[in-house]
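The values are calculated or read from the model by the stated rules, or taken from the named source; none is laboratory data. What you see is a predicted model; the values in this text were computed from it and never measured. All Cβ positions, even for glycine, are placed from backbone atoms using ideal geometry, and neighbour counts span all protein chains on display. With ligands, DNA and RNA removed, areas are computed over all heavy atoms of the protein, side chains included. Shrake-Rupley method; radii C 1.70, N 1.55, O 1.52, S 1.80 Å.
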Amino acid sequence: MRDFARGGLSASGAVSPTGASHPDPLGLAFDAAREAASRGEVPVGAVVVRDGAVLSVAGNRPRADRDPTAHAEILAIRAACAAIGDERLTGCDLYVTLEPCAMCAGAISFARIRRLYFSAADPKGGAVEHGPRFFNQPTCHHAPDVYGGLRESEAALLLRGFFRDRRD
């Protein structure tokens, strides 16, 4: 099942010798992040996967949507929930190119995401390994398994380049 939040499948999915498609979720997230950057949005992308199937792909859209909640994670979670017809994403994994903020961490918890994979740490705005460390709080209802630092240098380079270009 593929339901892409405001976009289509990019060429990041790998194809096995038998012709079966095996999507690279983090690769799709990076594609969505690059697409966001091309629209002038902060380059963050997110992908929701369940049982190896991509449910949704989204990039940041706060500027385009004039919506401060239109972070990639929120958009991907909304699209995945719509795709499966449930507000809970039990058994789903979320791949993101940047450590989620507090708002997104809250949505991840409420959606019951099983695993969170992210690339670059965000010491200033992140809320998973930095700041409030949302999932470690006693008021957190559900904490996913968290795996950070995947393709971190690639994500950091993308973000640094975006902000450098904005300053020039």
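A few comments on the model shown:
- Residue in the stretch 19-41 that is modelled with pLDDT under 95, farther than 21 Å from Arg78 by Cα, out of contact with any Pro (no Cβ under 7 Å at 6 or more places or on another chain) and not in a strand (DSSP E or B) present: yes
- Residue check, Leu94 open to solvent by less than 40 Å² (accessible area, probe 1.4 Å), out of contact with any Asp or Glu (no Cβ under 8 Å at 6 or more places or on another chain) and aliphatic (A, V, I, L, M): no
- Strands (runs of 3 or more DSSP E) completely within the stretch 58-149 that count 3 or more residues being under 12 Å from the mean Cα position of the chain (by Cα) and either within 22 Å of Pro25 (Cα to Cα) or modelled with pLDDT of 95 or more (or both): 92-98, 115-120
- Restricting the stretch 36-74 to residues that are within 14 Å of Leu159 (Cα to Cα) and among the β-branched types (Val, Ile, Thr), the residue that is surrounded by the fewest Cβ atoms within 10 Å (Cβ to Cβ): Val42
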